[in-house]
Amino acid sequence: MAEALRVECQCCVVGGGPAGLMAGFLLARAGANVIVLEKHADFLRDFRGDTIHPSTLGIMRELGLLEAFLRLPHQKAYEIGASIGDRKYAFADFRSLPKPCNFIALMPQWDFLNFIAAQAQKLPNFRLMMRTPADQPIWEGERVVGVTATSPEGPVEIRADLVVAADGRASTLRAAAGLAPEDYGAPMDVLWFKMPRKADDPDQSFGRIASGRMIVMIDRGEYWQCGWVIPKGGAEVMRAQGLEAFRAALVGALPFLADRAGGIDEWEKLNLLTVQVNRLKNWSLPGLLCIGDAAHAMSPVGGVGVNLAVQDAVATANLLGAKLAAGTLHVSDLAAVQKRREFPAKAAQRIQLAIQNRVVSGALDPNKPFEPPLALRLLDAIPLLRQIPARVLGLGLRPEHVAPSITARS
């Protein structure tokens with residue numbers, strides 16, 4: 001067996017998603033020596049969170065990157081709503097938020113990640129190691145002092161003052177460290193797929209509820225990214241019914257897709273997202289910090305997962321970056337990140353659970369007609385009220401701002 005290559009840094013971030021890449025970028029801007037590990041060869045994985053909310057756009061603006069970021073292909077959504085039967089309801093209007101970040105940018109996540117990676121790699125103290133999955137934490141007594149990993153060149157041993165687990169809801173590092181999240185349940189899963197988009201298609205962005213079916217549609221310019229919401233564990237039932245039944249249900253819910261539904265000609269074109277809502281009781285151990293989905297897996301309701309992950313990354317850099325760079329980070333400092341970010345994660349999950357249990361479950365019941373909730377009817381009827389969900393969804397309940405000491409660096 002080849003001897004492991006030994007590498008040292010001040011922070012090793014495991015996972016090249018929104019939380020991990022943004023944390024690595026900002027910690028490096030704060031002056032720390034950072035290595036980010038990503039197990040894949042690229043970021044080209046479909047059906048990830050693609051809604052970049054005003055809070056994240058604001059972070060990009062604070063970093064002086066918003067103009068360059070918005071040169072990437074994207075669509076702007078200034079309001080969101082849902083179609084229920086033949087009626088459209090509006091429930092959040094982002095135009096009420098401060099300009100120029102008063103919209104949701106609909107952008108493939110790989111473009112977002114490639115952009116952040118490119119900015120980070122301009123820094124001499126940042127290193128991104130692709131095709132390098134982390135294997136295990138390295139322990140000294142009860143403290144994590146690094147990770148072992150496998151690179152294309154062979155085994156690697158990375159020693160670090162801090163290891164950040166940002167490797168998602170199925171976090172390898174979290175499990176290896178013996179941390180287990182508490183699960184809060186979800187009544188649904190989601191089948192994601194693509195459908196070609198035509199110029200004369202009706203505007204269906206964000207949601208449609210009809211006949212016991214719930215569909216999310218995101219305008220990607222040349223195609224629709226569609227999410228077919230199904231009861232938890234219902235994927236096998238759908239497979240048993242066959243693709244023809246699925247295509248018929250799709251056309252029944254969205255008749256304008258009749259001329260292209262035949263493109264769904266194999267199950268491999270439907271990607272199952274098993275929805276989870278869970279959260280760690282303790283986000284850290286000595287030398288190890290979990291952020292993003294590794295700390296709190298979010299439901300797709302509201303599309304807030306990416307943006308909460310970015311907020312976690314900002315808080316991590318603000319609270320720990322200078323201490324990491326100076327070599328003065330203490331075990332007790334890690335708890336400050338959870339103290340700062342636990343409330344918004346909890347609150348967002350509670351809102352998601354309420355919507356799942358009171359709205360989604362009812363919408364998926366084929367045995368009775370779905371009645372729009374009173375709150376939705378009020379939001380649609382009184383435009384001023386739409387500023388409230390716009391602020392909660394768009395900015396979050398505890399917005400983070402990049403520390404001046406970090407924004408000043410380049």
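Here, each number is a calculation from the coordinates, and none is a lab measurement. Everything numeric in this text was worked out from a predicted model, so none of it was measured. Heads up, the Cβs are rebuilt from the backbone with ideal geometry, glycines too, and the neighbour counts pull from every protein chain shown.
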For peptides 130-141, 97-108, 164-175, 64-75, sequence by mean Cβ density within 10 Å, most packed first:
164-175, 97-108, 130-141, 64-75
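By its C-alpha gyration tensor, with a ≥ b ≥ c as the square roots of the eigenvalues, how is segment 134-205 shaped: rounded for a/c under 1.5, else prolate for a/b larger than b/c, else oblate? Present the calculation step by step, with values, prior to reporting the outcome.
Numbers: a/c = 3.95, a/b = 2.08, b/c = 1.91.
Because a/c hits 1.5 or more and a/b exceeds b/c, segment 134-205 counts as prolate.
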Using a 7 Å offset from Cα along Cα-Cβ at A170, what residues in segment 123-146 end up with backbone N under 20 Å from the label point?
130-137
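Roughly how big is the chain's charge dipole about its Cα centre, with Cβ charges of +1 (Lys, Arg) and -1 (Asp, Glu), in debye to the nearest 20?
On the way: 45 positive and 41 negative charges, 208 e Å.
The dipole magnitude comes to about 1000 debye.
To the nearest 0.05, how large is the calculated FRET efficiency for T274 and N357 if R₀ is 22 Å and r is the Cβ-Cβ distance? Let's see the in-between values first.
Working: r = 18 Å, r/R0 = 0.81.
According to the calculation, E is roughly 0.80.
Tell me what the chain gives for mean residue ellipticity at 222 nm when only DSSP H runs of n ≥ 4 count, each as -39,500 (n - 2.57), the sum divided by the residue total, rounded to 500 deg cm²/dmol. The partial results should precede the final answer.
Numbers: 12 runs with 124 residues, N = 410.
Value at 222 nm, helices only, nearest 500: -9000 deg cm²/dmol.
How large is the Kirkwood hydrodynamic radius of segment 175-295, counting all unique pairs of alpha carbons, in Å? Working shown, then result.
On the way: mean 1/r = 0.0606 Å⁻¹.
It is 16.5 Å.
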Take every Cα-Cα distance within segment 215-356, group them into 5 Å bins from 0 onward, and report for each bin the whole-number percent of pairs it holds.
2, 8, 15, 16, 13, 11, 10, 9, 7, 5, 3, 2, 0
Highest mean packing first, using Cβ neighbours within 10 angstrom, the peptides 299-310, 340-351 sort as 299-310, 340-351
So which lysines can K76 reach, going by Cα to Cα under 16 Å and dropping same-chain residues fewer than 8 places off?
K99
With Kirkwood's inverse mean 1/r over C-alpha pairs for Rh, give me the Rg to Rh ratio of segment 273-386, two decimals please.
1.13
Report ³J(HN,Hα) in whole Hz for each residue of segment 102-116, in order, from the Karplus equation J = 6.51 cos²θ - 1.76 cosθ + 1.60 where θ = phi - 60°; Gly and Pro get x.
9, 7, 9, 8, 8, 9, x, 4, 5, 5, 4, 5, 4, 5, 5
Could you give each residue of segment 241-253 its phi-based ³J(HN,Hα) in whole Hz, using Karplus coefficients 6.51, -1.76, 1.60 with θ = phi - 60°, and x for Gly or Pro?
6, x, 5, 4, 5, 5, 4, 5, 5, 4, 5, x, 7
Net lengthening on full extension, W110/V331 (0.36 nm per residue, minus Cα-Cα)
76.2 nm
Farthest toward the dipole's positive end in segment 237-382, which of W267, A326, L308, given Cβ charges of +1 (Lys, Arg) and -1 (Asp, Glu) about the Cα centre?
A326
Rounded to two decimals, the Debye log10 I(q)/I(0) of segment 230-279 (Cα scatterers, no solvent) at q = 0.14, 0.17, 0.20, 0.26 Å⁻¹ is -0.41, -0.58, -0.75, -1.08
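Please give me the summed charge of the neighbours of E67: other residues whose Cβ is under 15 Å from its Cβ, Lys and Arg +1, Asp and Glu -1. Don't jump to the answer; show the numbers that get you there.
Values: positive: R61, R71, K76, K99; negative: E62.
After counting each charged neighbour, the total is +3.
If a/c stays under 1.5 just call it rounded; otherwise compare a/b with b/c (prolate if a/b is bigger, oblate if not). Do that for segment 1-157, with a ≥ b ≥ c from the square roots of the Cα gyration tensor eigenvalues. Could you put the intermediate results ahead of the total?
On the way: a/c = 2.67, a/b = 2.10, b/c = 1.27.
Prolate, because a/c is 1.5 or more and a/b exceeds b/c.
Where does each of 112-125, 370-383 land if you order them by average Cβ count within 10 Å, highest first? Write out the running numbers ahead of the final one.
Numbers: 112-125: 17.7, 370-383: 14.4.
The packing order, highest mean first, is 112-125, 370-383.
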Once you place label points 7 Å from the Cα toward the Cβ at A210 and R350, how far apart are they in nm?
3.7
